[in-house]
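To keep things clear, I will list the structure first and then write my remarks on it.
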Amino acid sequence: MSCANHDHECLGWAATDPSGIVSPYKFNRRAVGSDDVSITITHCGICYADVVWTRNKHGDSKYPVVPGHEIVGVVQSVGSGVSRFKVGDHVGVGTYVNSCRDCHYCNQGLENHCQKGSVYTFNHVDADGTITKGGYSSFIVVHQRYCFKIPDSYPLASAAPLLCAGITVYAPMVRHKMNQQPGKSFGVIGLGGLGHMAVKFGKAFGLNVTVFSTSISKKEEALTLLGADKFVLSSDQEQMKGLANSFDFIIDTASGDHPFDPYMALLKTYGVFVLVGFPSEVKLSPVNLNLGDKTLCGSTVGGTREIQEMLEFCAAKGIQPNIEVIPIQYANEALERLIKRDVKYRFVIDIKNSLK
């Protein structure tokens, strides 16, 4: 093992005010502790969370904000107590970088549900009082518990979106045993960064996958590019009514406001509806939930065990997100395009070759 450390000065791109414009910014990372891993970042995915906190959408941005929580790279050095990683390993860091490590959920490997609150990868107060800074940067220092081994055969650029978009849909699908019921009917609402991964996982699990979208322009990409079995224009009321009581599972990745009753009516008895998007409200008739003993639940990301399992599953099955690789100098344009949903289906910043 190596205890060598990066120069503590880190080069990143940060937003300094609610305009959300990111630009070059230098800051210091902590020294490598005994349980820490120092990672040279090669790629970082762009998530809508980057828009939220660079633009202070929740009123809690702590400027300067260095965004990015879909981080992949190569281990540069490790602390003396690190046993899971070695210099040269391909690794990833997701949406959180710390937790209490002692509560019921942390002990179950569900650190994302830490009872004292998990520490987010950027714009959050860490245990030492510093503000976390994300992956739009040259390197990061993270406790080994929150690092994940990426199989050597798996492309690093493709691994980045798995650490948020991928795990956000994989975790609830496995939790509800969708991976153990081939042939069951599975609906995906929305075809963005999360939705396209839900389609890929659904097909890998042997499910019969239907994509629901308000845009007929998504039909060709859903069926041909992503391999969905069916496409339904959700604004077509007759088509929707004809599918009543026909779905075992539905996962809703849409964050824009939309009705829920038309989709709840599609579920079979004991059907499961999982919401992973963030609309401003959820309204539905109790009749569409209670009759048929249906389940409506939410989900965010996954715990450390689930994330490692997903990475290994994707490598074994050859599942890769569809990405557009960009230089960091294009980050502001990419964030604008993300707001307009003009990406198929995830931007990934080539940190290694563009952050100088």
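What does the charge count near Y270 come to, summing +1 for each Lys or Arg and -1 for each Asp or Glu among other residues with Cβ under 13 Å from its Cβ?
Value of the local net charge: +2.
Name the shape class, rounded, prolate or oblate, that the alpha-carbon gyration tensor gives for the stretch 89-165, where a ≥ b ≥ c are the square roots of its eigenvalues, rounded holds for a/c under 1.5, and otherwise prolate holds if a/b is larger than b/c and oblate otherwise.
oblate
I need the phi-derived Karplus couplings for the stretch 198-210: 6.51 cos²θ - 1.76 cosθ + 1.60, θ = phi - 60°, integer Hz, Gly and Pro marked x.
4, 4, 4, 5, x, 5, 5, 7, x, 7, 8, 9, 10
Cα gyration tensor of the stretch 250-353, axes a ≥ b ≥ c as square roots of the eigenvalues: rounded (a/c below 1.5), prolate (a/b > b/c) or oblate?
oblate
Can you give the net charge of the other residues whose Cβ lies under 10 Å from the Cβ of S185, counting K and R as +1 and D and E as -1?
+1
In square angstrom, rounded to the nearest 10, how much accessible surface does D293 have for a 1.4 Å probe?
Using a 1.4 Å probe on the heavy atoms, I get roughly 90 Å².
Taking the full set of protein chains and a 1.4 angstrom probe, give the accessible area of Y25 in square angstrom, rounded to the nearest 10.
It works out to around 60 Å².
Calculate one ³J(HN,Hα) per residue across the stretch 184-192 by plugging θ = phi - 60° into the Karplus curve 6.51 cos²θ - 1.76 cosθ + 1.60, and present them in order as whole Hz with x for glycine and proline.
Result, rounded to whole Hz: 5, 8, 9, x, 10, 9, x, 10, x.
Quick one: how many lysine pairs does the stretch 28-154 have with C-alpha atoms less than 22 Å apart and a gap of 8 or more or different chains? Give me the count, please.
The number of close lysine pairs in the stretch 28-154 is 6.
From the convex hull of the Cα coordinates of the stretch 198-254, what is the mean projected area in square nanometres?
Reported value for the Cα convex hull: 3.9 nm².
Per residue of the stretch 150-156, in order, report the coupling 6.51 cos²θ - 1.76 cosθ + 1.60 (Karplus, θ = phi - 60°) as ³J(HN,Hα) in whole Hz, putting x for Gly and Pro.
The phi angles translate into 9, x, 4, 7, 8, x, 4 Hz.
How large is log10 of I(q)/I(0) for the chain at q = 0.09, 0.12, 0.15 Å⁻¹ when the intensity is taken from the Debye formula with one equal scatterer per alpha-carbon?
Once normalised to I(0) and log-transformed, intensities are -0.49, -0.86, -1.29.
Counting only heavy atoms of protein chains, what accessible area per residue, in Å², does the stretch 151-239 have with a probe of 1.4 Å?
Accessible area per residue: 37 Å².
In whole percent, how big is the carbon plus sulfur part of the accessible area of the chain, probe 1.4 Å, protein atoms only? Please report the intermediate quantities before stating the final value.
Values: 7570 of 14970 Å².
Solvent-exposed carbon and sulfur of the chain make up 51 percent of the total.
Enter the angle in degrees (range 0 to 90, nearest 10) between the Cα long axis of helix 165-175 and the first principal axis of the Cα atoms of the chain, meaning the one along which they spread out most.
60
So what's the back-of-envelope 222 nm ellipticity for the chain, counting only DSSP H runs of four-plus at -39500 (n - 2.57) apiece and dividing by all residues, rounded to 500?
Dividing the helical sum by the residues of the chain leaves -5500 deg cm²/dmol.
Within a Cβ distance under 14 Å of L110, other residues only, what is the Lys/Arg minus Asp/Glu net charge? Kindly include the intermediate steps, with their values, before the conclusion.
Details: positive: R101, K116, R145, R175, R305; negative: D102, E111, E306, E309.
Neighbourhood net charge equals +1.
Pairs of alpha-carbon atoms within less than 8 angstrom and 6+ residues apart define the contacts here; what relative contact order does the chain have, in percent?
Worked out over the chain, it gives 18 percent.
Nearest 5 is fine: what % of DSSP beta bridges in the chain come out antiparallel, could you say?
About 55 percent, rounded to the nearest 5.
Taking the square root of 5 times each eigenvalue of the Cα gyration tensor, what semi-axes in Å does the equivalent ellipsoid of the stretch 2-149 have, largest first?
24, 19, 13
Heavy-atom accessible area of E336 with all protein chains present, probe 1.4 Å, nearest 10 Å²?
80
May I ask you to work out the translational diffusion coefficient for the stretch 130-285 at 4 °C, viscosity 1.567 mPa s, via Stokes-Einstein with Rh from the Kirkwood sum over Cα pairs, reported in whole µm²/s?
77
Report the label-to-label distance for V87 and Y63 in nanometres (one decimal), using points 7 Å from each Cα along the Cα→Cβ vector.
So the two model labels end up 4.0 nm from each other.
Probe radius 1.4 Å, ligands and nucleic acids left out: which of V272, V287 has the largest accessible area, and how do the rest follow?
V287, V272
The values are calculated or read from the model by the stated rules, or taken from the named source; none is laboratory data. All of these numbers come straight from a predicted model, not from anything done at the bench. Because the Cβ atoms are built from the backbone with ideal geometry, glycine has one as well, and the counts that use them run over all protein chains shown. Accessible surface areas use protein heavy atoms only, side chains included; no ligands, DNA or RNA. Shrake-Rupley method; radii C 1.70, N 1.55, O 1.52, S 1.80 Å.
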